[in-house]
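Here's the structure we're looking at; comments come further down.
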Amino acid sequence: MIDLKEILINSNYKKETEELINIANLAHKHWETYWTGFNSTYVCEEILKDFENLNDFKFFIYGGFSSSQRSRIACFRGDNIPEEDVLKSNFPAQGIKINGNFLFDNATQDDFRSLLIENGLNQLKVGDIWTIGDRGAQGIIDNLDIEHLDEKIFYLRDVKVKINVVGIDELQIPAGRSKKLLNTVEASKRLDAIASAGFRVSRTKIIERIENGMLRLNGNKVNKPTINLKIGDKLELENKGFIEILNLEITKRERWKVKLLRK
C-alpha cells in the first residue's frame, strides 16, 4: 500500500493526489487498471512527478484524443502493464453533442460545461468541451450515469438544446496545438499583460475573459487581471490552450523580459 501521508505532505494538488493514491491501492490489490476523474492535463502531469520513484506502479495520461486539455490518469501495476492501444480502446468515456442555434446568443465552453454540471454531472466526469461555431458544442464525458442526458432537451439561457451521447470517434476533434517557445517584453508581470502576449489576444479582450472567469491560473479560475505572475505559473484560456512561464528577467529599462512555452 502507498503511504498516503508521505506523498500528500508536499503536494500542491492534495485532492487529486489523494484520488490517485486510492486508485493505485486498488490497482495493486486487484491487478486491474483504474482511472481517476478528469483534471487539467498539466495537473495530471504535475501530480505524477510525486510518483516517479514508485516502481510498483505505472501510469498513463489520456483524455480521449492526443491534444486534450483535460485528461484522466490510468494506474496499473508495474508487473501488469497493458498496451497503449488497449488503454485507449477501453478509455471509460463517451462523446457528447450539444446541438442548438446560438447564432444570436453566443455561448462559451464554460456555459456548456455548466449546463452539464447543473444537470447531474460532477465536474470530474467532464473532459474537454469545445464549441462548434454557432451550432453548439461537443465534448467528452465519463461513461457512467449518463443515460439521463441522451436524447434529452435542455435550455441554455433561452436557447433550446438537444444532447446526444455518441462514440468519441463520432466527434469533430479540435485541431491539436504544437508546443511553441515565445519571447516578449512587457511593462509588468501582470496577468493581463503576459496572458495577452502569450495567447495573442488583445489586452481589452483578455481582461474581459479574465473577469468572466474564462482564464485559469495553475488550475484555478481567477478574475483579477492585476495578479503578478512568477516563473512556473501555468495559464489556461478557454479554447486557446496553455502557456507556462519559463523565465522572467528584469531589463535595464525596468521592463520584464518573459519567456513562455505555449501548448
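The table below lists the values:
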item	result
Check on residue 136, surrounded by fewer than 20 Cβ atoms within 10 Å (Cβ to Cβ) and without any contact (Cβ under 8 Å) to a residue 40 or more places away in the chain	no
Failed criterion for residue 160 (all others in (1) out of contact with any Asp or Glu (no Cβ under 9 Å at 6 or more places or on another chain); (2) on the phi > 0 side of the Ramachandran plot; (3) of a type in the set (D, E, K, R) hold)	(2)
Residue in region 13-32 that is at pLDDT below 90, within 30 Å of residue 237 (Cα to Cα), surrounded by 18 or more Cβ atoms within 10 Å (Cβ to Cβ) and touching a helix residue (DSSP H, G or I) at 6+ places or on another chain (Cβ under 9 Å) present	yes
Total residues in region 209-231, condition modelled with pLDDT under 90 and hydroxyl-bearing (Ser, Thr, Tyr)	0
Scope region 149-170; condition in a loop (DSSP other than H, G, I, E, B) and without any contact (Cβ under 8 Å) to a residue 60 or more places away in the chain; matching residues	149, 150, 151, 157, 158
Filtered residue count, region 227-263, keeping only those that are of a type in the set (Gly, Ala, Ser) and surrounded by fewer than 18 Cβ atoms within 10 Å (Cβ to Cβ)	1
Sole residue being touching a helix residue (DSSP H, G or I) at 6+ places or on another chain (Cβ under 8 Å) and modelled with pLDDT of 95 or more, chosen from 47, 73	73
Residues within region 202-215 that are touching a strand residue (DSSP E or B) at 6+ places or on another chain (Cβ under 6 Å) and surrounded by fewer than 17 Cβ atoms within 10 Å (Cβ to Cβ), tallied	1
Pairs, first part of a loop (DSSP other than H, G, I, E, B) in region 226-251, second of a type in the set (Phe, Trp, Tyr), C-beta under 8 Å, six or more apart	239/130; 240/199
Close pairs (8 angstrom Cβ cut-off, 6 or more residues apart or separate chains): more than 14 Å from residue 154 (Cβ to Cβ) in region 105-120, crowded, with 16+ Cβ neighbours inside 10 Å and aromatic (Phe, Trp, Tyr) anywhere	109/130
Selected residue [closer than 30 Å to residue 259 by Cβ, in contact (Cβ under 8 Å) with a residue 40 or more places away in the chain and surrounded by 13 or more Cβ atoms within 10 Å (Cβ to Cβ)] from 128, 142	128
Residue ID - modelled with the lowest pLDDT, chosen from residues in region 171-199 that are among the charged types (D, E, K, R) and not in a loop (DSSP other than H, G, I, E, B)	180
Enumeration of residues in region 115-148 that are closer than 17 Å to residue 65 by Cβ and assigned to a loop (DSSP other than H, G, I, E, B)	132, 143
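So that you can scan it fast, the table gives a plain yes or no per residue for (1) modelled with pLDDT under 90; (2) more than 20 Å from the chain's Cα centre (by Cα):
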residue	(1), (2)
205	no, yes
233	no, no
236	yes, no
250	no, yes
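The values are calculated or read from the model by the stated rules, or taken from the named source; none is laboratory data. Computed from a prediction, not measured in an experiment: that's the story for all the values here. Counting neighbours? That spans all protein chains shown, and the Cβs are built from the backbone with ideal geometry, glycine included.
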